[in-house]
Amino acid sequence: MKLAIIDANAVIHRAFHALPPLESKNGEQTGAVYGFLLFFFKAVKEFNPDFILAAFDYPAPTFRHKEYKGYKATRQKAPDELYSQIPKVKDFLNAFSVFVFEKEGYEADDIIGTAAEKFSKDAEVIILTGDMDALQLVKDNVKVYLLKRGIKDALIYGRKEVSERYSGLNPENLIDFKSLRGDPSDNIPGVRGIGEKAASKIIKDFGSLEAAYKNLDKVSPSLRKKLESGKEDAFMSKMLVEIEKSVPFDFGLKDLAWKGYNSKKGLEMLEEYNFKSLIKRLGKRETNLKLL
């Protein structure tokens, strides 16, 4: 059995920036909706999941924002033309009977991490995203289908691929690695003066952030000074980087069961939005729709 978990906001953002603007018959912006569906149809065809969950960011501050007011503070606010398309994506997912979930105080990443942890015991999990943060969730029964550029090219990441991408680090090492290196895109500070190579070496040498700080006598004086002065930032960064795996929700795997494109409403919406090329990807047989 396979469960596909969609990092919906990440895919919508990628689609919005990858495709030229499109408009519906009513003059509404629909490019991100089109791109999201293009990716969704492609992924469903490739993986043929038995279960699907679409996770969304909740439009309010999360526990990370409350702990660190600078979290994502340097990000430029996305244009209203993007945000206006998120409800339209939800409408399509609902029309195709995909389970949609968001939770106040948490990011989509946290819902994904919790669902992957909970359901990977019973199903193979594929996380569909454009965000490399998800690679920390990879394990034997959890893989990440990561958009490489645009919305057409994607790579599957298992443990082997993560290790190759990060020069021998394992998925479980990425939290501590990023705690040291930081992440400018999310305004996560890391340790000042420590870059990717140094962070990678420290984690390879000691195995974890905690172990590194217990063995400062084994590093060079210059590196020790950086680590000592940046200790508070390092552990705060770890709290920000680590994806939560205990988001409270009461749905089970069976609630995520997906029965295919058997939706008259979905086809009607594709026609309403004038998504002719997407309609061609769907074939109609009596009342059932299937991906060609």
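Quick look at the numbers
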| read-out | value |
| --- | --- |
| Enumeration of residues in the stretch 172-216 that are crowded, with 18+ Cβ neighbours inside 10 Å, touching a residue at least 40 places away in the same chain (Cβ under 8 Å) and of a type in the set (D, E, K, R) | Asp176, Lys178, Asp186 |
| Helices (runs of 4 or more DSSP H) lying entirely in the stretch 1-110 (those with 1 or more residues that are among the acidic types (Asp, Glu)) | 31-47, 63-67, 80-83, 86-95 |
| Enumeration of residues in the stretch 91-130 that are closer than 27 Å to Tyr261 by Cα and acidic (Asp, Glu) | Asp91, Glu102, Asp109, Asp122, Glu124 |
| Only listed residue being over 16 Å from the mean Cα position of the chain (by Cα), among the hydrophobic types (A, V, I, L, M, F, W, C) and surrounded by fewer than 20 Cβ atoms within 10 Å (Cβ to Cβ), chosen from Phe63, Phe96, Phe92, Phe51 | Phe63 |
| Sole residue being over 30 Å from Ala199 (Cα atoms), crowded, with 19+ Cβ neighbours inside 10 Å and either over 21 Å from the mean Cα position of the chain (by Cα) or modelled with pLDDT of 95 or more (or both), chosen from Gly230, Gly266 | Gly266 |
| Single residue of Leu128, Leu135, Leu147, Leu180 found to be not acidic (Asp, Glu) and not assigned by TED's automatic domain parsing to the domain that holds Leu19 | Leu180 |
| Qualifying position, being without any contact (Cβ under 8 Å) to a residue 40 or more places away in the chain, out of contact with any Lys or Arg (no Cβ under 7 Å at 6 or more places or on another chain) and not aromatic (Phe, Trp, Tyr), among Val138, Val219 | Val219 |
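So that you can scan it fast, the table gives a plain yes or no per residue for (1) over 20 Å from Asn187 (Cβ atoms); (2) of a type outside the set (Phe, Trp, Tyr):
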position: Tyr71; (1), (2): no, no
position: Val98; (1), (2): yes, yes
position: Asp110; (1), (2): no, yes
position: Lys121; (1), (2): yes, yes
position: Ile126; (1), (2): yes, yes
position: Asp131; (1), (2): no, yes
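The values are calculated or read from the model by the stated rules, or taken from the named source; none is laboratory data. Given the structure is predicted, the values throughout are model-derived calculations rather than measurements. So basically every Cβ, Gly included, is an ideal-geometry build from the backbone, and we count neighbours across all protein chains shown.
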